[in-house]
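Just below is one structure, and these are the notes that go with it.
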Amino acid sequence: MEVKTTLPEIFDEFGEARQQGFLAVKEMKKNGQPVVGVYCTFMPEELVLAAGAIQISLCSTSDETIPDAEEDLPRNLCPLIKSSYGFGKTDKCPYFYFSDLVVGETTCDGKKKMYEYMAGFKDLYLMQLPHNRDTVASKQLWYSELVAFKEKLEDYFDVTVTEDAIRQAIHLKNRERIAKQNFYRLGQLNPPAIAGSEIFKVMYGAQYKFDKEEIITTLEETTAKVKAQYLAGLRLDDKPRILVTGSPIGGVTEKVIRAIEENGAIVVAFENCTVAKAVEKLVDETQPDVYQALTDKYLQIGCACMSNNQPRKELLSQMIDDYQVDGVIDMVLQNCIPFSVESLQIKRYLQEEKQTPYMYLETDYSTADVEQINTRVAAFIEMLAVTV
């Protein structure tokens with residue numbers, strides 16, 4: 001195998017990881033490797049690893065299969081839900097095909113009902129997320145869901161999941177999170193070291209590399225290379241610094257990143273699921289109860305699907321300061337009710353508490369609105385350039 005040594009080569013390798021991962025998963029399946037497919041960062045990978053399986057992110061970011069999904073689902077449904085269902089229904093997602101078990105989650109009513117249909121053609125296990133993260137009852141519910149999921153994995157794969165195995169998996173995942181943090185925090189450098197599109201390419205591609213030790217090593221080496229080149233004077237031009245928040249981003253919605261960086265600004269931070277939202281907080285390895293440690297970590301993911309989303313505000317506040325952000329773009333998928341309704345709270349918080357310019361940007365999985373996005377983003381950046 002050719003070793004990638006330059007940063008462009010490394011970034012491109014991460015960018016191609018999703019396609020290359022198809023062959024890797026096929027080979028692992030031939031060798032008897034259990035595979036669990038998921039759609040959401042709430043899913044506790046530590047338990048999957050402790051069961052001797054690998055966890056993979058399933059296809060859900062393209063409009064390719066939406067027409068097939070709309071044969072069964074309402075047209076006015078979130079494109080992420082329709083895309084997820086369509087890829088599963090048509091078997092056009094190799095990761096879905098090779099998954100022994102798909103694990104869903106009740107992040108919204110649309111996904112919850114969609115999973116009922118998906119269970120008709122795939123072995124599916126549904127985890128019940130609480131509506132509120134702070135109450136005793138909510139914490140007890142998620143604790144019991146984690147235990148039940150562990151038992152499901154034991155029964156489904158005919159294995160025993162020990163607490164020692166869970167502790168080892170927690171330690172490994174924490175190491176991976178720290179490596180990811182150190183990489184995407186390169187965005188804190190001012191002037192910038194690399195473009196936001198490159199940060200996102202690496203973080204998105206890391207989901208489709210399945211050897212954790214390899215992921216950690218590659219991320220550490222890449223971070224070191226970027227820092228070395230930065231210290232040697234290789235830096236990007238100083239531009240308005242944008243933080244992207246909102247719905248999960250990837251695939252077609254990367255048009256938002258391109259619109260920002262092709263119109264005179266640079267994305268320095270992503271609060272979305274793929275980058276910081278699920279990575280910033282580690283699992284407490286000193287907690288005697290491994291299920292309590294996992295409960296405490298995963299319930300603090302600042303997703304709009306839960307009420308009292310203070311963790312999202314706290315993370316945004318910290319990132320605005322740490323990344324020296326000039327403006328925030330809230331990318332929300334059409335008919336993504338949790339994030340679209342929460343957007344007013346985020347706007348008020350950022351403008352009143354952080355004095356940070358904010359733009360709400362609604363889109364879907366088509367390319368029909370690219371010019372409109374470019375026009376709106378360009379105007380927002382022009383406004384920032386005047387005030388920065």
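The values are calculated or read from the model by the stated rules, or taken from the named source; none is laboratory data. The structure displayed is predicted, hence computed values, not measured ones. Positions of Cβ are generated from backbone atoms using ideal geometry, with glycine treated the same way; all protein chains shown enter the neighbour counts. Calculation scope for accessible area: heavy atoms of the full protein, side chains included, ligands and nucleic acids excluded. Shrake-Rupley method; radii C 1.70, N 1.55, O 1.52, S 1.80 Å.
Here are the numbers:
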item: Mean Cβ neighbour count within 10 Å, used as a protection proxy, ranking 41-51, 157-167, 124-134, 184-194 highest first; result: 41-51, 184-194, 124-134, 157-167
item: Per-residue ³J(HN,Hα) for region 221-234, Karplus 6.51 cos²θ - 1.76 cosθ + 1.60, θ = phi - 60°, Hz, x for Gly and Pro; result: 5, 5, 4, 5, 5, 4, 5, 5, 5, 5, 5, 7, x, 7
item: Stretch gain in nm, segment Leu344-Leu282, where the contour uses 0.36 nm per residue and the Cα spacing is subtracted; result: 19.4 nm
item: Estimated inter-spin distance, Asp289 and Glu262, nm [label 7 Å along Cα→Cβ]; result: 5.2
item: Listed peptides 364-370, 294-300, 113-119 by packing density, highest first (mean Cβ within 10 Å); result: 294-300, 113-119, 364-370
item: By average C-beta atoms within 10 angstrom, highest first, the peptides 75-88, 312-325, 270-283; result: 75-88, 270-283, 312-325
item: Separation between Cα centres of region 256-290 and region 110-133, rounded to whole Å; result: 25
item: Full-extension gain in nm, Gln229 to Gln140, via 0.36 nm per residue minus C-alpha separation; result: 27.2 nm
item: Accessible solvent surface per residue of the chain, calculated while the other protein chains remain in place, 1.4 angstrom probe, Å²; result: 43
item: Relative contact order (percent, whole number), the chain, Cα cutoff 8 Å, 6+ residue spacing; result: 18
item: All-pairs Cα distance distribution in region 202-352, expressed in whole percent, bin size 10 Å; result: 9, 32, 38, 18, 3, 0
item: Charge sum, other residues only, whose C-beta stays under 14 Å from Phe157's C-beta, Lys/Arg counted +1 and Asp/Glu -1; result: -3
item: Cβ-derived FRET efficiency at R0 25 Å, Gln300 paired with Glu151, nearest 0.05; result: 0.55
item: For region 120-136, Karplus couplings with θ = phi - 60° (6.51, -1.76, 1.60), whole Hz, Gly/Pro x; result: x, 10, 8, 4, 9, 10, 10, 9, 8, 7, x, 7, 10, 8, 9, 7, 4
item: Rough spin-label spacing in nm, given labels placed 7 Å along Cα→Cβ, for Leu7 and Met383; result: 3.2
item: Gyration tensor verdict on region 99-170 (Cα atoms; rounded if a/c is under 1.5, prolate if a/b is larger than b/c, oblate otherwise); result: oblate
item: Heavy-atom accessible surface of the chain: percent carbon and sulfur, 1.4 Å; result: 48
item: Semi-axis lengths, Å, the chain, gyration tensor of Cα atoms, sqrt of 5 times eigenvalues; result: 31, 24, 22
item: Filter on Lys82/Lys212; Lys112/Lys347; Lys122/Lys152; Lys180/Lys212; Lys26/Lys277; Lys277/Lys347 - keep pairs with C-alpha separation over 20 Å; result: Lys82/Lys212; Lys112/Lys347; Lys26/Lys277
